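What follows is a single structure, written as C-alpha cells, with notes after it.
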Amino acid sequence: MPIYAYECARCGEAFETLVSSSNTDAPACPACGAAEVKRLLSAPTIGGGVKAATQRARSAAAKEGHFSNYKKSELKGKL
C-alpha cells in the first residue's frame with residue numbers, strides 16, 4: 001500500500017497515511033477530524049527498503065520519546 005501525504009484544509013495539519021488501492025475516500029484529519037483534506041505531492045520512494053522505513057519509524061517515534069528508539073547503552077540511563 002502506498003503512503004500518501006495530506007494537509008488539512010481546516011487546521012493546516014500535515015500527515016501521512018497508508019491508503020489501500022480499493023479505498024478512494026480521503027482520510028479525516030487526525031488533529032481536528034475534518035474531512036476536508038488535500039493530498040500533497042511527494043517524490044516516489046524507489047527501493048527504499050526496510051532500512052529506510054526503519055529509520056523513518058525510529059525518527060518519528062524518537063520525537064515522541066519512545067524508549068524503543070534508544071540503544072541499549074542509552075536506555076540504561078533513562079530507566
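What the table below lists for this structure:
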quantity	calculated
Conditions (1) in a loop (DSSP other than H, G, I, E, B); (2) modelled with pLDDT of 80 or more; (3) of a type in the set (A, V, I, L, M); number of the one not met by residue 1	(2)
Output for segment 12-34, where each listed residue is small (Gly, Ala, Ser) and either surrounded by 13 or more Cβ atoms within 10 Å (Cβ to Cβ) or modelled with pLDDT of 90 or more (or both)	12, 14, 26, 28, 31, 33, 34
Residue that is nearest to the chain's Cα centre (by Cα), among those in segment 19-42 that are among the hydrophobic types (A, V, I, L, M, F, W, C) and more than 10 Å from residue 6 (Cβ to Cβ)	31
Residue in segment 10-32 that is in contact (Cβ under 8 Å) with a residue 24 or more places away in the chain, over 20 Å from residue 60 (Cα atoms) and assigned to a strand (DSSP E or B) present	no
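The values are calculated or read from the model by the stated rules, or taken from the named source; none is laboratory data. Model, not experiment: these values are computed from the prediction. Cβ coordinates were reconstructed from backbone atoms using ideal geometry, including for glycine residues, and neighbour counts include every protein chain displayed.
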